[in-house]
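Okay, so here's the structure we're looking at.
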Amino acid sequence: MRKWTLSAALPLFLVLAACGETVPQNEAHDEAGHAEDHDEEGEEDHAEEEGAITLSEAQIRSAGILLVPVGMAGSGGAASLPATIEADPQGMQVVTAAVGGRIVALHRNLGEAVRRGDPLAVIESREAAQMQGEIEAARARLALARSNLGREQRLFAEKVSPEQDLIAARTTATEAGIALRLAQQQLAATGRAGGGLNRISLPSPIGGQVVSRSAMLGQVVAADTELYRVANLGKLSVTLSLSAADAATLRPGGTVTVTAPGRTAQARISFVSPILDAQTRLVPVIATIDNRDGQWRVGENVTAAVDLPSRDGGRAIAVPQIAVQTVEGKSSVFVRTRTGFQAVPVELGPVSGDRVIITKGLKGGERIAATGSFTLKAELGKGEAEHGH
């Protein structure tokens, strides 16, 4: 089977789409009584295929045509503005040296996956030795206090020892237990035992990926020195700022369309600040975006299109302005079909940023050509010119 490139195949596809199958003249007039019926059927087929372009998935990719979903927008319009991808505050953790000392082991490097509790580094420290020594001493005192308490309980049961001695032994055992728990909690606040009385192991506080490592083997560090950063990047935040009037129409759960070169995704509004930013006098808004496929980067600048519901709750459809082309004097968009694209006439409403409201012609949920729509218009015009349309 012969394979066609986009430039070579499109004219042929357009010829077939515009003209349909040619019926030989002798066959068309074999039965005079049916000639008119054949003409009517041909006109219906032509009407159904008017504005259609047949393209395969490979041809769409090679032509650089970007498909975007048609989303619902508030009849109040859609705001398109710059935004920034940021880490989820609960998904980024800094691992510090809780005590000063020397780094004697590093268990993870940049990019490696970790689970919660996995050891990241081991620090050798005098302070660590002191804390673990206090734990051992407290454990010994507790054992002695419990032994004394057991003896006093027996003596009191035999009416040999007074109740006052039993109460004192019970108090001593309780205090020893408290001292042991305190010593253990002090160690837990810095890490956990790292294989020796003078060593502390630093565990990962969350599961995720190591995104930063400033520690070096043998390095002497002070308390609170940052050693690692661990991030769970499966969910990220999109931060943007809106005017007070626009922000007043938004509620958590609203949709934000996030776009960047070659990528688009839907985010959900999770926070609309009740306070204006003191410097910009705008309202900070945060949306949450799914990043389990890893296509978004922390710190990346993107474009966010925010649907702005009208105060009466009306709804409309918004599409990127780049998707709208003039076909035969009518504003049209190219809707993805099973075999390619179909030019669909639409009526336009107000424009906001790089998006325009569609008041008629689309139902919502379709996929349309955004980047590359002009190429489809050119190929459609070429096919119509070759056939006298």
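Bear in mind that the values in this text are calculations on the coordinates, not laboratory data. Model, not experiment: these values are computed from the prediction. Cβ sites come from the backbone with ideal geometry, for glycine too, and all protein chains shown count toward neighbours.
By how many nm would the segment from Q186 to K382 grow when fully extended, if each residue of separation counts as 0.36 nm and the alpha-carbon distance is taken off? Let's see the in-between values first.
Details: separation 196, 0.36 × 196 = 70.56 nm, distance 7.78 nm.
Fully extending the segment from Q186 to K382 adds 62.8 nm.
Rounded to whole Hz and in sequence order, give me ³J(HN,Hα) for the range 57-66 from the Karplus expression 6.51 cos²θ - 1.76 cosθ + 1.60, θ = phi - 60°, writing x for Gly and Pro.
4, 5, 5, 5, 5, 5, 7, x, 8, 9
Hey, quick one: spin label on D277, modelled 7 Å out along Cα-Cβ, who in the range 213-244 has an amide N within reach, i.e. under 20 Å?
Backbone N within reach: 236-244.
Taking neighbour Cβ counts within 10 Å as the exposure measure, how do T171, T375, T337 sort from fewest upward? Numbers along the way, then the final one.
Details: T171 12, T375 18, T337 15.
The order, fewest Cβ neighbours first, is T171, T337, T375.
At 7 Å along Cα-to-Cβ for each site, give me the label-to-label distance between E175 and S147 in nm.
Using points 7 Å along Cα→Cβ, the separation is 1.9 nm.
Just check the range 107-259 against the gyration tensor rule for me: Cα atoms, a ≥ b ≥ c as the square roots of the eigenvalues, rounded for a/c under 1.5, and otherwise prolate or oblate depending on whether a/b exceeds b/c.
Numbers: a/c = 4.23, a/b = 1.98, b/c = 2.14.
Here the range 107-259 falls in the oblate category.
Provide the convex hull volume over Cα atoms per residue for the range 126-197, in Å³. Numbers along the way, then the final one.
Values: hull volume 5.1 nm³, N = 72.
So the per-residue hull volume is 71 Å³.
Separation between the A157 and V94 pseudo-spin-labels, each 7 Å from Cα along Cα→Cβ, expressed in nm?
It works out to 5.7 nm between the two label points.
Under the 0.36 nm per residue contour assumption, what length would be gained going from the current alpha-carbon distance of R116 and E328 to full extension?
70.2 nm
How far apart, in nm, are two points set 7 Å out from the Cα along the Cα-to-Cβ line at S270 and at M216?
3.7 nm
Say R0 is 25 Å: what FRET efficiency, to the nearest 0.05, do L197 and N109 get from their beta-carbon distance? Spell out each step's value before the answer.
On the way: r = 28 Å, r/R0 = 1.12.
So, using R0 = 25 Å, E works out to roughly 0.35.
Mind sorting K360, K159, K330 by how few other Cβ atoms lie within 10 Å of their own Cβ, fewest first?
Listing K360, K159, K330 from fewest to most nearby Cβ atoms yields K159, K360, K330.
Taking amide H positions as placed 1.01 Å from N in the peptide plane, with prolines and chain starts having none, which residues 5 or more places from A223, or on another chain, fall under 5 Å of its amide H?
G100
Quick one: Karplus J couplings for the range 361-373, per residue in order, coefficients 6.51, -1.76, 1.60, θ = phi - 60°, nearest Hz, x for Gly and Pro?
Per residue, the Karplus-derived 3J(HN,Hα) values read x, 10, 9, x, x, 5, 10, 10, 7, 9, 4, x, 5 Hz.
Taking other Cβ within 10 Å of each residue's Cβ, how do I358, I275 sort, fewest first?
Fewest-to-most ranking of I358, I275: I275, I358.
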